[in-house]
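Student: One structure coming up, written as structure tokens, with questions to follow.
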Amino acid sequence: MSNALLSSPFQANKEKLLTLRLQNELNTIRIFKALDADPNTIGAEVVFIDYEYSL
């Protein structure tokens with residue numbers, strides 16, 4: 001659980017940059033399209049778990 005009083009703007013910026021970098025490197029749009037196109041993954045669920053272990 002994050003504490004807004006202890007978080008700094010520097011940390012928030014660092015987390016945002018990391019999120020953008022991962023989205024670009026992982027190419028999530030392509031991953032989701034591939035999952036949707038594969039009939040073996042019908043009904044499959046993709047769950048993102050962040051650094052705070054929230055879904």
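No lab work stands behind these numbers, since they all come straight from the coordinates. Fair warning: this is a prediction, and the values are worked out from it, not measured in the lab. Positions of Cβ are backbone-derived with ideal geometry, glycine not excepted, and every protein chain shown enters the neighbour counts.
Student: With a ≥ b ≥ c taken as the square roots of the eigenvalues of the C-alpha gyration tensor of segment 8-55, please select rounded if a/c is under 1.5 and otherwise prolate if a/b is larger than b/c or oblate if it is not?
Tutor: Working: a/c = 6.01, a/b = 2.07, b/c = 2.91.
Oblate, because a/c is 1.5 or more while a/b does not exceed b/c.
Student: I'd like the chymotrypsin sites (Phe, Trp or Tyr not before Pro) in segment 25-55 restricted to DSSP loop residues with at most 16 other Cβ atoms within 10 Å, sorted by number.
Tutor: Values: sites: PHE32, PHE48, TYR51, TYR53; in loops: PHE48, TYR51, TYR53.
Filter output for segment 25-55: PHE48, TYR51, TYR53.
Student: Would you please put 35-47, 17-29 in order of how densely packed they are, using the mean number of other Cβ atoms within 10 angstrom per residue and starting with the highest?
Tutor: Working: 35-47: 8.5, 17-29: 10.2.
In decreasing order of mean packing, 35-47, 17-29 become 17-29, 35-47.
Student: Work out, step by step, the length gained on full extension between ARG30 and TYR51: first 0.36 nm times the residue separation, then minus their alpha carbon distance; give nm to one decimal. Provide the component values of the computation, followed by the final result.
Tutor: Values: separation 21, 0.36 × 21 = 7.56 nm, distance 2.31 nm.
Difference between extended and current length: 5.3 nm.
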